[in-house]
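Asks: Handing you a structure now.
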Amino acid sequence: VQAETKTTVDDISSTSKDSLLGAWQSVHDGPVLLDFTKVDYINSSGIALIIQMLMEADKTGRKVAAFGLTPHFQKVFTMVGIAKYAGLYKDEPTAAASL
Amino acid sequence: MSMIPTAGTSVEVRLPSRLGFEKVAMGTAASVAQLMGFPPDRIEDLKTAVAEACINAIEHGNRLNEKLSVGVILSATADGLEVKVVDNGTGMEKQPPKPDIDRKIHGEEDPRGMGMFLIQALVDEAEWVHDSKGKGSYVRLVIRLDKDSEFDKESK
């Protein structure tokens, strides 16, 4: 999660719930950039956390863009439908320009 | 990397029922698949499918009871790799419905519940076998050499 707060985690799974949701809650408004460049493991619990963030963003009309996903996780995010609610980009400048 | 004959071989791993240990199975499956000559994108598919199968076994099969272990049996054949993930649960009588992202985003469906969908989408065969006595329910996954995942085939 970027903006006023930057939180770094290697895994997006149930173990990162407090870090991720805590970071999300500390950023009160504006668009959100999700940086996955240092993430090498995402499981279904992590996907559920991202969906929870997207639910909040959808309710408040905030735009979300993600960058730095490996090709595998880009595919997974497309499969599960996350790509419908968050733009997936190869790098930070492209993602930031989309918001 | 030089190829090592793998057909007919089997590797077994036993995991404690603690979340995080699915990574041990992922790493082992990736190593076996690499020895068999699977391409990197299919190894990534396998890793995610094996991780999700182990998480289901740890959470739902063994209910996080650390006295119980999850068995992971990797069997190499001439044309693919079979993975069985065995737990002490009673298995599932029926499969959950396909997840719907729109319903999840609008709070009409639990945001969780993507695991089985991912498994089915990423491997060539997925079969859930339940044992009502709780002595050996398992999920059986197969990925075949020289095949794309179902999703990759549809994307082409």
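Asks: I'd like to verify a number: residues in the stretch A:68-82 that are among the small types (Gly, Ala, Ser) and more than 9 Å from chain B (Cβ to nearest Cβ), how many? So that I can check it myself, show each step before the final result.
Replies: Of the residues in the stretch A:68-82, the ones among the small types (Gly, Ala, Ser) are A:68, A:81.
Checking which are more than 9 Å from chain B (Cβ to nearest Cβ) leaves us with A:68.
Count: 1.
Asks: Against the conditions (1) touching a helix residue (DSSP H, G or I) at 6+ places or on another chain (Cβ under 8 Å); (2) within 11 Å of chain B (Cβ to nearest Cβ); (3) aromatic (Phe, Trp, Tyr), where does A:TYR89 fall short? Just the number, please.
Replies: In the conditions (1) touching a helix residue (DSSP H, G or I) at 6+ places or on another chain (Cβ under 8 Å); (2) within 11 Å of chain B (Cβ to nearest Cβ); (3) aromatic (Phe, Trp, Tyr), A:TYR89 misses (2) alone.
Asks: Identify all residues within the stretch A:48-67 that are within 8 Å of another protein chain (Cβ to nearest Cβ) and out of contact with any helix residue (DSSP H, G or I) (no Cβ under 6 Å at 6 or more places or on another chain); write none if there are none.
Replies: Selection gives A:ALA48, A:GLN52.
Asks: Just to verify a result, which residue in the stretch B:1-34, among those that are in contact with a Gly (Cβ under 9 Å, 6 or more places away or on another chain) and among the β-branched types (Val, Ile, Thr), is nearest to the other protein chains (Cβ to nearest Cβ)?
Replies: So the residue we want is B:VAL13.
Asks: Here is a further query. Quick one: how many residues across the stretch A:29-71 are surrounded by fewer than 18 Cβ atoms within 10 Å (Cβ to Cβ) and without any contact (Cβ under 8 Å) to a residue 24 or more places away in the chain?
Replies: 4
Since every read-out is calculated from the coordinates, none of them should be taken as a lab result. Note that the structure is a prediction, hence the values are computed from the model and not measured. When we count neighbours, we look across all protein chains shown, and the Cβ atoms used for this are built from the backbone with ideal geometry, even at glycine.
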